[in-house]
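Working notes for the structure below.
The values are calculated or read from the model by the stated rules, or taken from the named source; none is laboratory data. Given the structure is predicted, the values throughout are model-derived calculations rather than measurements. Reconstructed Cβ throughout: ideal geometry from the backbone, glycine too, with neighbour counts over all protein chains shown.
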Amino acid sequence: DQQVKQNSPSLSVQEGRISILNCDYTNSMFDYFLWYKKYPAEGPTFLISISSIKDKNEDGRFTVFLNKSAKHLSLHIVPSQPGDSAVYFCAALPGGTSYGKLTFGQGTILTVHP
Amino acid sequence: DVKVTQSSRYLVKRTGEKVFLECVQDMDHENMFWYRQDPGLGLRLIYFSYDVKMKEKGDIPEGYSVSREKKERFSLILESASTNQTSMYLCASSSLIRQGGAQYFGPGTRLLVL
């Protein structure tokens, strides 16, 4: 049972345009969401997060939107740069005593063309 | 800056060998995690630990064991390596008290079992 889903395995975008990466979840106990970026042969790097009490969080070129009623979050990258080409994972953290156990999506491969 | 280090970047082992993967974090994090990453499957949690000598099974613990004798060190053990354990292994640590529970990853160990 995939509780966090990234339905697009890949996304291709032109440099300078917006990249929108999507993520859906099913567990209403999740109350904190995170995005990670991963280059080949490296560990994932934490990018940005959002608490369920918010609907938007912004950090430079990266903005995460959360729609709790739809159980959907998205990551917007504006403007996209070739260095953003990587695998992006969304992850969710439930409230309560979970020992910080994250549930990850399958990942979306983003390619930004010069 | 959080630093998570893993003992090896690349390993080649033979079927049936016992394999030790070591992970060390320097941020006094309570929680530590072992994942494997396979194409199309995202990050799957093998085991995690929320305190010294405490461990919990993740989603795919079969064929693995772990050890946490010191807070900063978390070891993953493949008791008898098999070819289906060829994968990228990622260690992570987090603190629910600090940094909102975001997990910080090591660079990964790419294991090939022949």
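Looking at the range A:62-114, which of its residues are farther than 22 Å from A:S51 by Cα and not polar (S, T, N, Q)?
Correct list: A:P79, A:P82, A:G83, A:D84, A:A86, A:V87, A:I109, A:L110, A:V112, A:H113, A:P114.
For the range B:2-78, which fully contained strands (runs of 3 or more DSSP E) count at least 3 residues that are out of contact with any helix residue (DSSP H, G or I) (no Cβ under 7 Å at 6 or more places or on another chain) and within 14 Å of A:K101 (Cβ to Cβ)?
Values: elements: B:4-6, B:10-13, B:19-25, B:31-38, B:42-51, B:54-57, B:64-70, B:73-78.
Fully inside the range B:2-78 and qualifying: B:31-38, B:42-51, B:54-57.
Every residue in the range A:30-66 that is surrounded by 13 or more Cβ atoms within 10 Å (Cβ to Cβ) and among the hydrophobic types (A, V, I, L, M, F, W, C), please.
A:F30, A:F33, A:L34, A:W35, A:F46, A:L47, A:I48, A:I50, A:F62, A:V64, A:F65, A:L66
What's the total number of residues in the range B:102-114 that are within 14 Å of chain A (Cβ to nearest Cβ), assigned to a strand (DSSP E or B) and over 14 Å from the mean Cα position of the chain (by Cα)? Break it down stepwise before answering.
Step one: of the range B:102-114, the residues within 14 Å of chain A (Cβ to nearest Cβ) are B:102-112.
Next, from what is left, pick out any that are assigned to a strand (DSSP E or B): B:104-105, B:109-112.
Those still in the list that are over 14 Å from the mean Cα position of the chain (by Cα) too: B:112.
Summing the residues that are within 14 Å of chain A (Cβ to nearest Cβ), assigned to a strand (DSSP E or B) and over 14 Å from the mean Cα position of the chain (by Cα) in the range B:102-114 gives 1.
How many residues, within the range B:10-53, are exposed (fewer than 12 other Cβ atoms within 10 Å of the Cβ) and in contact with a Pro (Cβ under 8 Å, 6 or more places away or on another chain)?
Residues meeting the conditions: 1.
Taking B:S67 as the residue in question, decide whether it is of a type in the set (S, T, Y), surrounded by 14 or more Cβ atoms within 10 Å (Cβ to Cβ) and free of Cβ contacts under 8 Å to residues at least 24 places away in the same chain.
yes
Only one of A:S19, A:S85, A:S10 is within 15 Å of the chain's Cα centre (by Cα), within 30 Å of B:S7 (Cβ to Cβ) and at pLDDT 95 or above; which?
So the residue among A:S19, A:S85, A:S10 that is within 15 Å of the chain's Cα centre (by Cα), within 30 Å of B:S7 (Cβ to Cβ) and at pLDDT 95 or above is A:S85.
Of the residues that make up the range B:89-101, is at least one facing chain A (nearest Cβ under 7 Å), in contact (Cβ under 8 Å) with a residue 24 or more places away in the chain, buried (at least 22 other Cβ atoms within 10 Å of the Cβ) and at positive phi?
Within the range B:89-101 (the criterion being facing chain A (nearest Cβ under 7 Å), in contact (Cβ under 8 Å) with a residue 24 or more places away in the chain, buried (at least 22 other Cβ atoms within 10 Å of the Cβ) and at positive phi), the answer is no, since none of the residues qualifies.
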